[in-house]
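Coordinate-derived values only; no laboratory data. Every value quoted in this text rests on a predicted model; they were computed, and no experiment measured them. Every residue, glycine among them, receives a Cβ derived from its backbone with ideal geometry; neighbour counts consider all protein chains shown.
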Amino acid sequence: MNQRHQPTDHSLLIFLLALFLVNSPLKQWWSGLTLPWYAMYLPWLLIIVLVAVNQHLQKRKTDRGN
Amino acid sequence: MGIDLGFLFFIALSYLGLLFIIAWCTERGWLPDRLLHSPLVYSLSLGVYATSWTYYGSVGLADTSGYAFLNIYLGLTSAFILGPYLLRPLLRLCREHQLTSLADLLAFRYGGRATGFAVTLFMLFGILPYISLQIRAVTESIQVLSQRVPSNMLALAFCGVITVFAILFGARHLTPREKHHGLVVAIAFESAVKLIAMVVAGLFAVTQVFESPMAMSRWADNQPGMVAELYAPATSGLWPTLLLLSFCAAFTLPRQYHMTFTENENPKHLNTAYWLFPLYLLILNLPIIPILFAGRYLSLSMDADFYVLGMTLTLGREWLAILVFLGGLSAASAMMIVTTLALSSMCMNHFLLPAALSVNRPRDFYRRLLWGRRLVISAIIAAGYGFYIVIELQEGLASLGLISFVAAAQLLPGIIGLLFWARATQVGFIAGLSGGAFVWFFLLIVPLMLNSFDPVRWLALDTDIWTLTTTATLSINGLLFIVGSLLSRPTEDEIAASQASNEYAELASGATIARSVIHYRYALRQALGSEVARDELARALQETGIDKKETRRSELRVLHERLERNLTGLLGPTLAREILRRQPGSHEGLLSNTPDARMLERRLHTSREQMRGLTKQLDDLRQYLQDVLRQLPLGVCSISADGQIYIWNSAMQTLTGIVERDAYDKTLEQLEAPWGPLLADFARSSDDHQFRLKTFHGGRPTTVNLHKADLGADVGMSAGALPGQVILMEDRTDLDKLEAELAHNERLASIGRLAAGVAHEIGNPLTGIASIAQNLPDDIEDSEQRPLIQEQSDDILSQVARINSIVKSLLTFSHADAVAQTPYEPVDVSQRVREAVRLVSLSPDTRDLNIEIDMPDSVLVNGDANLLMQVFVNLINNACHASPAGSTINIRGTLQDNMLVVETIDQGSGVPAEIRDHVFEPFFTTKPVGQGTGLGLSLAYSIVANHNGRLRIGDSEVGTRMIVTLPLHATDS
C-alpha cells in the first residue's frame, strides 16, 4: 500500500469495524437479542474511543517524526 | 397551563441578544485566544449539524422508526472516521484554492459556469424547505409552551433577528482569508447550549419522571416488546439509507461545508474533531430514548417531536421548559445563520456576479460586493419565511429534514469524482445532478404538493420512501455521471483541477499566463475596475514577493496562481479563471507546457507534513542533496534544455553578485555582464573546460575556471522537463594571487641564495684588497708621493669597508631564517628598544633629532635578543634618516590582547601609497644609489615574522608609522 496511507490505515480499519458492527449481517443477530435500551450507544462509544486513540498515536508519531 | 407568549418572546430575544454580545466580544478580541483558537470551539461549531430536527425531531423519529434515528449520526460519525481520506483532502483544496462553498468546489473541478449555477440552484431548492422547517420548529415549540398559536409576526421577528446576526457577523469579510471568529464562537456556544439543555432534559426524565435509571429500565422492560421494537428497524431498508444520507451530509450539506472547511482556521483542529464531534453527537442523543420513554410514560397527547417540552410542562418545571426551548432556538438559529451564509456565497458567485460583471465594470466593487452579499442573505431568509407561510406542511420535522438530506446527497457522485476519478467531466456531473434532481423532485416534492400521490404505493414497492428515493436518485445520478463523463472529454481546466485535487498527482501544466504583470493589471481593471485591480494585484505581488516588472515565466505563473486563488475567494473559481484569461494578447500568452520545478518544490514543501515512511525519507534525501549543491564552495549553475537557469547556488551568488532569485528562470544571456556573456559563450562552446578566464568584476580583476557537462535524458523529470547542462565555476582569483606570491618569494629566496654566494665569493678577495690597500703607503719609498698614496689608500679602504658592509648585510639576510631556528628565550623588549636607541644615537646623523621612548617596563616576548635589537636598530635608523633636523621620533609601546605593539613614528615625508607593497622586499630602497642596501626593512620583516609577529606600515598623517606586533611571553600574557 502507498506510504501516504500509512497514518490513516487505522482509520480505515476502524471504519470497517464500525460498518461491521452497525451495518452488516451481524445486525440480524444483535437486533434479535434482548438488549437493554442503552446497548446501541456502546459500540458507538467504542468507535469514538478508537478514533481518539488513533489520532493520539498519529500525533505522537508526527511529533516524533518532526 | 402554558407560559406567557410575551415572556417567551422576551426570553428568545434576550438569548439572541446574548449571542450578539458573544460574537461582538469575540470580534473585539475580548475572549482569551486560547479558547478562541482551540479545537474544542471548532468541534462544537460543527454541532450546527444538530438542527431543530435533531433537537425535537429525533424523539419523533425514534417513536416511529426506533433506533434508525441514530443512523443520522452514525453515518456522520463514519464520515469523520474516514476524515483522513475524505475531509482532509477537501479541507486542503478549500484552503489552497479559497473555495468558500460547495458550488465553488464543484465549479473548480467541473469547470464552467454551468456547474456552479446548477449546484447553487439545486441547493437553494433543496435547502429552502429545511430553513422553513427551522422557523416552524421555533413557532411550534412556542405554541407547545404557550398553548397558543403564535402569530406570523413572531416568526417574522425571529427571521429578522437572524438576518441581522448573519449580516453583522457572517458577512464582515469578503474573502476566506479572514475568518468570522465571532460567528464561529457564537455557533459553538449555541451547540453547548443545545447539549446542556438536552442532557438536563434527559436527566430530568430519568430522575424526575421515573425517579431513577433502574425504575426507567424496569418500566421499559415491563412494556411488552417496546425495547425490542427500538432495535427492530435495524433489519429494515431504512437503516442503511439513513446511514448513507448522513454520511453524505458530513460534506454535502452547505452548512457543514461552511463550518468544517470555510471557517476552519487550523487544519490540525480537524484531527480533534474526528472524535470530539461524534462524541458531542453521542452525548446529545443519549437522552433521546429516556425522553421518549418519559413521553410515553406520561401518555402525552402531542406529537412525539415535542415530548421534551410536554414532559417538562406536565410536571410543572417551567425553568426546564425554557431551557429546552432555548436549546431548540439555538438549533434553529445556528442552522439558519450558517446555511444562509453558505447559500449567499453560492448565489453571489454563481448567480449575481456573473450577471453583474457581464453588464458593466462596477465602481466601488468591494462595497457593492459586501452589500450584495448582505442583500442575498436577507433574500434567502425571506424566501425561507415565505416557504413557511405559503406551504402548509403536514410532514414531521424529520421528514422535512430528510428531504434536504436526499437533495444534498446528489452531490456525492461529484465529490467522489473530484477526489478519486480524474476522468470525470462537467458533462457527466451536470447530467448526473440533473437526473438525480429530477427524480428527487418527482418522488419527494411532488407528493408534498399532491397529498394523494404516494410513490411507494404507485410503484408497488415493499420499501419506505427514503430508501426508494435515495436508491433511485443516487443510481440515476451515478449512472448518468459515469456515462456522461465517459462520453465526453475532460477540458484542460478539468485536467488541471483534477491534478490540483489530488495532492499526489503530477503538477498541472496547462495554465496560460500573461507576458507581464501589467497585463494582469489590465485584465483585472477591465473586469473589476481600477481600484480592485490595484488592490488585488498589490496583494498578490506582496504575498508572492514578486516584482511588478517581472517577466519570467515561472514567476508569472506563481503570480497567476496567487491571483486566481485570491479572486476565487472573492468571486468564485469560474469568474476568477475567466477574468485572468482576459489579458490582452492572451492568445499569445505563454503556454507553460512543462511542469515548473519551482512549483514542484513549493508543492513538496507544503506536503511535507503529510509525508511518511519512504516518501519522507526520499524527500529528506532530496533536501540533503539540495543543501549539498547549495553549500558547495564551487559555483554551480544548471540550465534546462530550453536554456533557463534552474540551479544557481550560493557560491555562484557570492562569485557573481547575482542572487538566485534574479537568476532563476532567466537564460544565461539575460544575466548581467560580465557573467551573462561569459557563461553563455562557454555553454555554447564545444569545450568542456576552460581555464584561467580573465574578467573584471566588482572593481577587481577576476580569474575563473569553467567546467560543464551535459545532463542525460535519464536526469529529466517524469513529465518531460529539464535535461540541459550543468556548469561549474571555480574562482581562481585568490589562488592566482597566492601562486604569484609564492613565485615572487621563490624568486626572492633565489636572490638571497645568490647574494649569500656572491657575498662569500667577494669576501675573500675583498680582504686581500683591504690588506694591499692598507700596506700600499708603506710600500712607497718616495716620501713626496706617500701622502697622495695614503689618501688613495684610505679611499680604497673606505670603499672596501662599504663593500664589506653590504656583504655583511647580504650574509645576515641570507642567514636570517637559519638563525631563527635557534631556541628562543624571554627577551625584555623595552630594554632592547632603549639599547637600540643608544646605539643609533652614536651615529652623527642623529645629533639634531629628539627620540622619545614611551615603553612599558619589563615587557617580555619569546625571541632572540640580538635579532630583535637588530629590528629596532633598523627601524630607528630608517626613521632617523627620514626625519628632518630638529624633529622628534616617537617610540611607543602598548599591550593589546596578549600582544606587544611597538610603534616607531617619525616626522619625515612618509611612504607613498604606491610603494607600500614593495618596501619589505629585499633590495628595495628609496635612498640614493650607494646609500642603502634595501635589506634593512626586509631583514626586519623576516625577523619579526619568525617571531610570530607582524611588521607593517600604519596610517599616519605625518611621516611614517612602522608598527611591530609581537606575541607576549606566556607569563606576561
Pseudo-spin-label distance B:Phe125 to B:Ser783, built 7 Å along Cα→Cβ, given in nm, is 15.4 nm
Only Lys, Arg, Asp and Glu count, each charged at its Cβ (+1, +1, -1, -1), so figure out the dipole size of the protein assembly as shown about its Cα centre, rounded to 20 debye.
5180 debye
Taking only the Cα positions of the stretch B:611-731, the convex hull volume per residue in Å³ is 109 Å³
What residues of the stretch B:726-756 lie in the reach of a label at B:Ala641, counting those whose backbone N is under 19 Å from a point 7 Å from the Cα along Cα→Cβ?
B:726-727
Alpha carbon centroid spacing (whole Å) that separates the stretch B:270-343 from the stretch B:1-56:
14 Å
Defining a contact as two alpha carbons under 8 Å apart and six or more residues distant in sequence, what relative contact order in percent does the stretch B:160-281 show?
25 percent
Counting pairwise Cα distances across the stretch B:1-139, what percent come out greater than 21 angstrom?
66 percent
Can you grab the distance from the C-alpha centre of the stretch B:607-668 to the C-alpha centre of the stretch A:28-61, Å, no decimals?
50 Å
Semi-axes of the stretch A:7-65 from the Cα gyration tensor (sqrt of 5 times each eigenvalue, largest first, whole Å) come to 30, 13, 4
Helix-derived [θ] at 222 nm for chain B: sum -39500 (n - 2.57) over DSSP H runs of at least 4, divide by residue count, nearest 500?
-19500 deg cm²/dmol
Given 37 °C and 0.692 mPa s, compute D for the protein assembly as shown with the Stokes-Einstein relation, Rh being the Kirkwood radius over Cα pairs; round to the nearest whole µm²/s.
90 µm²/s
In debye to the nearest 20, how big a dipole does chain B give about its Cα centre with +1 on each Lys and Arg Cβ and -1 on each Asp and Glu Cβ?
4900 debye
Just the number, please: Stokes-Einstein D of the stretch B:410-505 in µm²/s, Kirkwood Rh from C-alpha pairs, 10 °C, 1.306 mPa s.
110 µm²/s
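Please identify the chymotrypsin sites (Phe, Trp or Tyr not before Pro) of the stretch B:432-505 that satisfy two criteria: DSSP loop assignment and at most 13 other Cβ atoms within 10 Å. Which are they?
Taking the stretch B:432-505 and a limit of 13 other Cβ atoms within 10 Å, the loop chymotrypsin sites (Phe, Trp or Tyr not before Pro) found are B:Phe453, B:Tyr504.
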Could you work out the equivalent-ellipsoid semi-axes for the stretch B:201-309, taking the square root of 5 times each eigenvalue of the Cα gyration tensor, largest first, in whole Å?
33, 18, 13
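Between B:Asp955 and B:Asp681, what length in nm is gained on full extension when 0.36 nm per residue of separation is reduced by their alpha carbon distance?
Extra length from B:Asp955 to B:Asp681 when fully extended: 94.2 nm.
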Multiply the residue separation of B:Ala382 and B:Val446 by 0.36 nm, subtract the distance between their alpha-carbon atoms, and state the gained length in nm to one decimal.
20.7 nm
B:Leu203-A:Leu35 FRET efficiency (beta carbon distance; Förster radius 25 Å; 0.05 resolution):
0.65
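What do you get for Rg/Rh over the stretch B:822-973 if you use C-alpha atoms and the Kirkwood form of Rh?
0.95
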Quick query: amide H of B:Gly724 versus all other amide H atoms, modeled in the peptide plane; which residues come in under 5 Å with a sequence gap of 5 or more or a different chain?
B:Ala641, B:Leu711
Gyration tensor over alpha-carbon atoms, chain B, equivalent ellipsoid semi-axes in Å:
97, 34, 24
Can you work out the Karplus-derived ³J(HN,Hα) for every residue in the stretch B:139-144? Use 6.51 cos²θ - 1.76 cosθ + 1.60 with θ = phi - 60°, whole Hz, and x for glycine or proline.
5, 5, 5, 5, 4, 5
Loop-located trypsin sites (Lys or Arg not before Pro) in the stretch B:27-98 whose Cβ has at most 10 other Cβ within 10 Å (DSSP):
none
Between B:Met899 and B:Arg661, with labels modelled 7 Å along Cα→Cβ, what's the label distance in nm to one decimal, could you check?
3.9 nm
Based on the alpha carbons, how large is the Rg to Rh ratio for the stretch B:109-244 when Rh follows Kirkwood?
1.08
I'd like the Karplus ³J(HN,Hα) series for the stretch B:693-701: coefficients 6.51, -1.76, 1.60, θ = phi - 60°, whole numbers in Hz, and an x wherever there's a Gly or Pro.
7, 8, 8, 10, 9, x, x, 9, x
Taking 8 Å as the Cα distance limit and 6 or more residues as the minimum spacing, I'd like the relative contact order of chain B as a percentage.
11 percent
Working only with C-alpha atoms, what are the Rg and Dmax values of the stretch B:449-579, expressed in angstrom?
23.2, 71
Report ³J(HN,Hα) in whole Hz for each residue of the stretch B:87-103, in order, from the Karplus equation J = 6.51 cos²θ - 1.76 cosθ + 1.60 where θ = phi - 60°; Gly and Pro get x.
7, 4, x, 5, 5, 4, 4, 4, 6, 5, 10, 6, 8, 8, 8, 4, 5
Taking amide H atoms as placed 1.01 Å from N in the peptide plane, list the residues 5 or more away in sequence, or in a different chain, whose amide H sits under 5 Å from that of B:Gly910.
B:Gly959, B:Thr960
Pick out, from B:Ile72, B:Leu156, B:Ala379, the residue whose Cα sits farthest towards the positive end of the charge dipole of the protein assembly as shown, with +1 on the Cβ of Lys and Arg and -1 on the Cβ of Asp and Glu.
B:Leu156
Got a sec? Charge dipole of the protein assembly as shown, +1 on Cβ for Lys and Arg, -1 for Asp and Glu; which of B:Tyr231, B:Leu706, B:Leu93 is way out at the positive end?
B:Tyr231
Towards the positive end of the charge dipole of the protein assembly as shown, with charges on Cβ (+1 Lys, Arg; -1 Asp, Glu), say which of A:Leu46, A:Gln28, B:Ser358 has the farthest Cα.
A:Gln28
Measuring from label point to label point, each 7 Å out along Cα→Cβ, what is the B:Ser798 to B:Ile518 span in nm?
8.5 nm
Extension gain from B:Leu370 to B:Trp458, taking 0.36 nm per residue of separation minus the Cα-Cα distance
26.8 nm
At R0 = 25 Å the Cβ-Cβ FRET efficiency linking B:Asn764 and B:Ser843, nearest 0.05, sits at 0.30
Any chance you could count the Lys pairs in chain B whose alpha carbons are under 30 Å apart, treating pairs 8 or more apart or on different chains as valid?
14
With no solvent and one equal point scatterer per Cα, compute the Debye intensity ratio I(q)/I(0) for the stretch B:295-379 at 0.13, 0.14, 0.24 Å⁻¹ and report its log10, rounded to two decimals.
-0.60, -0.63, -1.09
Using R₀ = 60 Å, calculate the FRET efficiency as 1/(1 + (r/R₀)^6) where r is the Cβ-Cβ separation of B:Ala749 and B:Glu543; round to 0.05.
0.40
